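The values are calculated or read from the model by the stated rules, or taken from the named source; none is laboratory data. Keep in mind the model is a prediction, meaning the values are calculated, not measured. Quick reminder, even Gly has a Cβ in these numbers, built from the backbone with ideal geometry, and neighbours come from all protein chains shown. Heavy atoms of the whole protein, side chains included, go into the accessibility calculation; ligands, DNA and RNA do not. Shrake-Rupley method; radii C 1.70, N 1.55, O 1.52, S 1.80 Å.
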Amino acid sequence: MRSVLAGVDVGTSKVCTLIGETGPDGAVAVLGYGVVPCTGLRRGVVVNIEATVEALRAATTEAEKAAGMRISNAVVGVAGAHIRGLNSHGIVAVRGGEVGPRDVERVIEAARAVAIPLDRQVLHILPQQFAVDDQDGVRDPIGMAGVRLEARIHIVTAAQTYGQNLYKCCERAGISASEFVFEPLASADAAIFPEERELGVALIDIGGGTTDIIVFYNGAVMHTAVLPVGGNHLTSDVAAGLRTPLTEAERLKINYGVATNQVVGHDETVRVPGVGGREPREIQRRLLGEIIEPRMEEIFAMAQRELLRSGVADCLSSGIVLAGGTSLLEGTQELAERIFGMPVRRGLPVNLKGMPEELMKPMYTTAAGLLLHAGHGRSHANGLGRFGRWGRLRMRVSDWVRDFF
Ligand SMILES: Nc1ncnc2c1ncn2[C@@H]1O[C@H](COP(=O)(O)OP(=O)(O)OP(=O)(O)O)[C@@H](O)[C@H]1O
Ligand SMILES: [Mg+2]
């Protein structure tokens with residue numbers, strides 16, 4: 001039987017709905033998509049319900065038309081600076097001398113029993129490693145003999161009210177959110193290979209309103225963070241620096257902007273339209289670089305601090321993967337390589353079949369990952385199967401809205 005899947009990325013700049021299906025081989029393929037600009041979010045969280053609902057409805061209708069089918073539920077991405085990631089650790093005594101599923105549930109329960117404020121919900125529990133007695137680095141402890149079971153986990157939590165607002169928007173747009181997924185986790189599913197997760201890799205998604213970071217080492221999530229800065233700040237900087245309207249600043253940034261003047265010649269010029277009836281003027285392209293570079297350096301310096309916090313910054317042999325629309329800025333890779341001192345590549349949505357050519361861009365990586373997530377949940381193709389059945393414990397969206405209706 002065909003099962004219809006959907007992933008919805010509600011970003012600060014756009015809503016992207018992807019509809020797909022799983023083939024007989026278990027691979028997820030795209031059937032249709034819709035992308036609509038959205039003004040209802042600021043820094044990754046809903047600030048205008050009407051505008052968000054409208055964009056959600058429009059993107060979903062577009063995707064439904066293209067796919068020739070309707071959807072009623074979808075995996076929805078969650079982002080925003082209210083999201084926190086923390087590592088935790090629990091120990092239990094093994095019952096009966098052999099680790100069973102109940103013991104694993106108990107140890108994860110013990111590890112997640114950290115103080116999580118009442119106004120927060122757990123979005124993900126991501127096991128890092130298990131240990132049975134003195135044997136650490138265990139991936140699936142079921143069936144192992146021992147007396148003591150330990151678990152290290154990474155917990156991602158989100159502010160409940162932000163989740164509820166997003167849920168509300170989806171409901172009003174006729175989509176039931178079957179699951180909320182932290183956006184960089186989805187982006188990683190779409191763009192990162194299993195070997196990279198093993199060797200150590202950091203994905204940095206620079207969107208419009210936020211920069212999301214996720215760090216993998218030994219196949220597990222070691223650190224997550226959301227920074228409240230993104231491409232929109234570059235646009236505001238250009239608007240202020242050149243005294244030009246935001247729409248014009250956005251156009252100049254996209255067409256001529258550079259993350260570093262390393263990639264600009266000395267004689268390149270750009271035409272800037274005047275404001276309030278003033279004459280247009282010619283400026284050096286390097287001037288745009290002088291405005292944008294310090295902000296990009298700041299974003300990367302903040303990201304670098306998060307990598308250091310992960311404790312595995314020195315072990316990221318697979319380097320950095322950049323996603324999000326802002327990573328399209330010319331010179332971004334060069335600047336990142338200089339700041340991080342590591343190999344840097346662009347993270348395109350390559351792990352999904354039948355992705356239309358026009359969506360093979362770093363701003364659609366999150367939506368692709370959300371659709372993949374709808375298909376597999378715990379994918380074997382992309383390395384999430386490393387922890388067997390404990391790879392990713394699914395949180396029910398109903399937990400979010402239980403106290404709400
Ligand atoms: N070619 C380009 N060069 C530079 N910046 C670009 C380019 N194309 C898009 N952008 C910028 O990328 C940003 C949008 O990226 P993206 O679609 O990944 O964000 P989003 O997912 O909507 O937002 P967020 O993830 O922050 O909620 C905007 O700031 C836009 O100006
Ligand atoms: Mg995004």
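When peptides 100-110, 285-295 are ranked by their average number of other Cβ atoms within 10 Å per residue, the highest-first order is 285-295, 100-110. Per residue, the accessible area of segment 84-159 comes to 47 Å², computed with a 1.4 Å probe over protein heavy atoms only.
Tell me the carbon and sulfur percent of the accessible area for segment 268-349, rounded to whole percent, probe radius 1.4 Å.
That fraction is 47 percent.
The Cα trace of segment 281-369 gives Rg and Dmax of 15.3, 49 Å, the first to one decimal, the second as a whole number. Under 13 Å of direct C-alpha separation, and excluding same-chain neighbours fewer than eight residues apart, LYS361 reaches these aspartates and glutamates: ASP205.
For segment 84-159, count all C-alpha to C-alpha pairs, find those more than 21 Å apart, and express that count as a whole percent of the total.
I get 26 percent for the Cα pairs in segment 84-159 exceeding 21 Å.
Compared with the alpha-carbon gap, the fully stretched path from THR247 to GLU358 is longer by 37.7 nm at 0.36 nm per residue. Ligands, DNA and RNA are left out, and with a 1.4 angstrom probe the accessible area of segment 193-346 is 42 Å² per residue.
Per residue, the average separation of C-alpha pairs within less than 8 Å and at least 6 apart gives the chain a relative contact order of 20 percent. Fully extending the segment from GLU98 to ASN48 would add 12.7 nm, taking 0.36 nm per residue of separation and subtracting the current Cα-Cα distance. Partner lysines whose Cα lies under 21 Å from the Cα of LYS168, excluding those fewer than 8 positions away in the same chain, are identified as LYS14. Kirkwood's formula applied to the C-alpha pairs of the chain gives a hydrodynamic radius of 22.0 angstrom.
Rg and Dmax over the alpha-carbon atoms of segment 193-346 stand at 17.0, 59 Å. Taking the accessible area of segment 84-159, probe 1.4 Å, and keeping the other protein chains in place, the carbon and sulfur fraction comes to 49%.
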